[in-house]
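Each remark here refers to the structure printed beneath this line.
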Amino acid sequence: QAHARVFPVRMREGRRQVLLARRLTESGKTIYDGFGGTVEPGESVDEYASRKLEEECRLRGVMRHRAHIVVQSDYQTRARQHILFAQVPSDAAEKPAADSEWFDIMSLPYQCMSADLPVWLPYVLEVDSEDLVARGYFEFLNSRLVTAFMLPPELRRGALPPAVERKVCDAIADKGSSFDVVFEGGRGEFSVALRWAWAALGAYWDVNKTYVVREKSTADTSNRLRDKRRVEKKWRLREFGDPSAKLIDRNGSPMIIGYQAILYGDHGPYFEVLESQVCWEAFPVHLLKGPGRTHHEHYSADGNLKLYEQFHTVADQPNPPSGRFSAANQRREGYADYRTGCFYFPIDEFFESAAGSSLGAGRNSGQAPLAVAQERSAQRVARAIRRSHRSGRRSVGRLGPSSPASALRPRRAQRRAPSS
C-alpha cells in the first residue's frame, strides 16, 4: 500500500524554507517530518497529497514528485513512500498548522528526525530540478537504521520499466541482500536492474573480468576424471578452450561462440565462457540475485538451458548441492573453481536438452555448423575413403542429414537372378 509525505516549500526573503510537522513520540521526544500517511484506496498520490496539505496546513501548492523510497522495518513491515514537495506562495502563513514550523533548508533539525530523513532530504531539497525523482532503500532493525542508501544519479528515474522496478523493490524488501527476482529483457536491461538493485542495498557491482588462462587441469579426482573421459570421448571437447566452437540451439541459432576452458568440479563439467562470448538473444529470461548470493542465472526462452554468471566464488562451500554429477569430496578450497566474472554453461544439459542442440564445427574454416556427431561421422567417412583408395578398393558411403550419427556403409553387390 502506497504512502505519501508532502513537504510545503516557500521562498522568503531570498531564502528557501520548508514546513515541517512537529510531533511527540511516546517517550516525549520531539520529532519533525512531512505531512501525510497512507494513501486511501481509489485516490492518487497527488490527490492524497493535495488533500492532506489543505486539511492539515490550510495551504495549496503545485505538487512536484521528488523521491520514491522503500522503508523496511524489522524485515517484516515494508512501506513504499512517495515524497512530494508543494511549492506554496511566499506569503504563506507562519503557523499554517498548530504543530508546524518553517525552517531554512540550511538549518534543518536533522537530529530530531527519523534516521532516514537526513540521508535523502538534503539532496532532494538542494537539487532544484523539475524532473528529479531520487530513489533509495532504508532498512530498520529494532528501530535502528542498519541500511541507508540513495541510488546513483543515472539510476534514479526511468532506469527500469515500472513493472520490473516494482518486482525488484518487493524482492529486496522481502529478502534483503539474499533476494532473487525473475524478469525478461535484454542484457542491457539486466545490467541496469542489477546495478539499481545492488545500489539500493548499498552494494556496488564491481566484478573482476580480467581472464587468466588456465594452465592446469581441474580434473584431479576420480569423479572429475570420469567426467573428463566422458566429455572428451563423447563430444571431443578440448579442456583448455576453443575460440571457434559454436554452441547452437535446436533452431540453428548461436548461443555461445567460443569457450575459454572446461571446468571440472564436484557438480559436473561446465563450459567456462566470457560475457563477450554469450549471444544474449538466446537468454532472454534472467534470475537476478542479491549480493548475499553467489551467481545470477540466465535462461533460454524455453527455460531448458541455464547459464550461470558468477560474482562470488564457492570457496566457503566444501561440497556441492545435490545433482546428477555431484560428489562430496570435502574440498577445503570449495567444490569447484568458479571464477568471478566468468559464465558457466553445463555441458551435459546442453547436448541432452533436446535434439538439435549442437556444437558448431566451423573451426575457422567457413563451413556451415554441424552437430558434433555429424562432424565425427564426416571425419570417419574421409578416413575410410582414404584407406579404400590406398588399398585399391572403392567404397561408397552416405551421410544422411536426418541421422547425424550415420556411418559409412559399404554398398553390397546385388545378386543377379539366374537367367531362365
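The values are calculated or read from the model by the stated rules, or taken from the named source; none is laboratory data. All values derive from a computational prediction rather than experimental measurement. Methodologically, a virtual Cβ is constructed for each residue, glycine included, from the backbone with ideal geometry; neighbour enumeration extends over all protein chains shown. These accessible areas exclude ligands, DNA and RNA; they are computed on the full protein's heavy atoms, side chains included. Shrake-Rupley method; radii C 1.70, N 1.55, O 1.52, S 1.80 Å.
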Point to revise | Criterion: at pLDDT below 95, within 24 Å of the chain's Cα centre (by Cα) and among the hydrophobic types (A, V, I, L, M, F, W, C) - qualifying residue of LEU274, LEU263, LEU305 | key: LEU305
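Which residue is surrounded by the most Cβ atoms within 10 Å (Cβ to Cβ), if the candidates are limited to segment 246-258 and must be among the small types (Gly, Ala, Ser) and touching a Pro at 6+ places or on another chain (Cβ under 8 Å)?
By that ranking, first place goes to GLY258.
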Check your understanding: Of these, TYR299, TYR264, which one is under 22 Å from LEU225 (Cβ atoms) and hydroxyl-bearing (Ser, Thr, Tyr)?
Key -> TYR264
Point to revise | Candidate set: segment 185-221, residues that are loosely packed, with under 12 Cβ neighbours inside 10 Å and under 14 Å from the mean Cα position of the chain (by Cα); chosen: the one nearest to CYS342 (Cα to Cα) | key: ASP206
**Study point:** PRO243 vs. criteria over 17 Å from PHE311 (Cβ atoms), open to solvent by 40 Å² or more (accessible area, probe 1.4 Å) and part of a strand (DSSP E or B)
**Key:** yes
Check your understanding: Is there a residue in segment 54-63 that is within 38 Å of the chain's Cα centre (by Cα), at negative phi and in contact (Cβ under 8 Å) with a residue 60 or more places away in the chain?
Key -> no
Point to revise | Among residues of segment 308-342, those that are crowded, with 16+ Cβ neighbours inside 10 Å, hydrophobic (A, V, I, L, M, F, W, C) and touching a residue at least 40 places away in the same chain (Cβ under 8 Å), counted | key: 5
**Study point:** Test: residue in segment 348-360 that is farther than 20 Å from ALA261 by Cα, surrounded by fewer than 19 Cβ atoms within 10 Å (Cβ to Cβ) and at pLDDT 95 or above
**Key:** no
Review point. Has segment 218-230 got at least one residue that is of a type in the set (A, V, I, L, M, F, W, C) and either at positive phi or in contact (Cβ under 8 Å) with a residue 60 or more places away in the chain (or both)?
Key: no
Review point. Any idea how many residues of segment 64-118 are touching a residue at least 24 places away in the same chain (Cβ under 8 Å), in a strand (DSSP E or B) and β-branched (Val, Ile, Thr)?
Key: 4
Review point. Scanning for something in a loop (DSSP other than H, G, I, E, B), of a type outside the set (Gly, Ala, Ser) and open to solvent by 30 Å² or more (accessible area, probe 1.4 Å), does segment 161-170 turn up at least one residue?
Key: yes
Check your understanding: Using beta carbons and a limit of 9 Å, which pairs, at least six apart or on different chains, have the first residue in segment 12-37 and free of Cβ contacts under 8 Å to residues at least 40 places away in the same chain and of a type outside the set (Ser, Thr, Tyr) and the second one exposed (fewer than 13 other Cβ atoms within 10 Å of the Cβ) and in a strand (DSSP E or B)?
Key -> LEU24/THR30
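What strands (runs of 3 or more DSSP E), lying completely within segment 1-56, carry at least 1 residues that are open to solvent by less than 30 Å² (accessible area, probe 1.4 Å) and more than 17 Å from ASP104 (Cα to Cα)?
Where strands (runs of 3 or more DSSP E) fall fully within segment 1-56 and carry at least 1 residues being open to solvent by less than 30 Å² (accessible area, probe 1.4 Å) and more than 17 Å from ASP104 (Cα to Cα), they are 2-12, 35-38.
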